[in-house]
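Structure first, then comments.
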């Protein structure tokens, strides 16, 4: 997939992965950001014109100071769609990106094509509260997010050896900085307005970090 930088009307500058052809599809990533390799996006690009924006505060994208709460993230998502010149794109969101996509569809349902939520956060259920993701160790992330924890840990960490204290320290520093990307607070483990509580994820799989398997 090729990459390009865009600037929204509010001044956020975002790196966007782009590939494929067909109906436009916008993918919103999880709190972990885009991975180095994205076979899921490559598969989607076989059927759709895929756009995967990197949220402000991740990678080369800037403008996180413009986003203070989930509504700002939602409006930013539509700003990206507008800047890309897309009409009624399908919205696909993973984890935190699922929360953003659901809010986008709830805010402007006639501007979205289809909505696909993959292990979406933000769909609050009292009996299955979301854990504090920013306090977890690397191996705990993998146990919650992947059917195969060993493969998941390698994918998330890029093979970093966390028996090395310097690597572990850098990981924790990154985890503590992460909430700042979301307006200074963790946006995930909080109940959402009724407009998104009715939304149901198309697939949950083994993502126990955001709720039970469906």
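Brief remarks follow.
- What the Cβ-Cβ distance of residue 35 and residue 6 gives, at R0 = 22 Å and to the nearest 0.05, is a FRET efficiency of 0.60.
- Only beta bridges with both residues in the stretch 1-123 are counted; by DSSP, about 50 percent of them are antiparallel.
- Here the calculated FRET efficiency for residue 154 and residue 43, from their Cβ-Cβ distance with R0 = 25 Å, stands at 0.80, rounded to the nearest 0.05.
Throughout, read-outs are computed from the coordinates displayed, never taken from laboratory work. Since the structure is predicted, the reported quantities are computational estimates derived from the model, not experimental observations. Neighbour counts run over all protein chains shown; Cβ positions are idealised from the backbone, glycine included.
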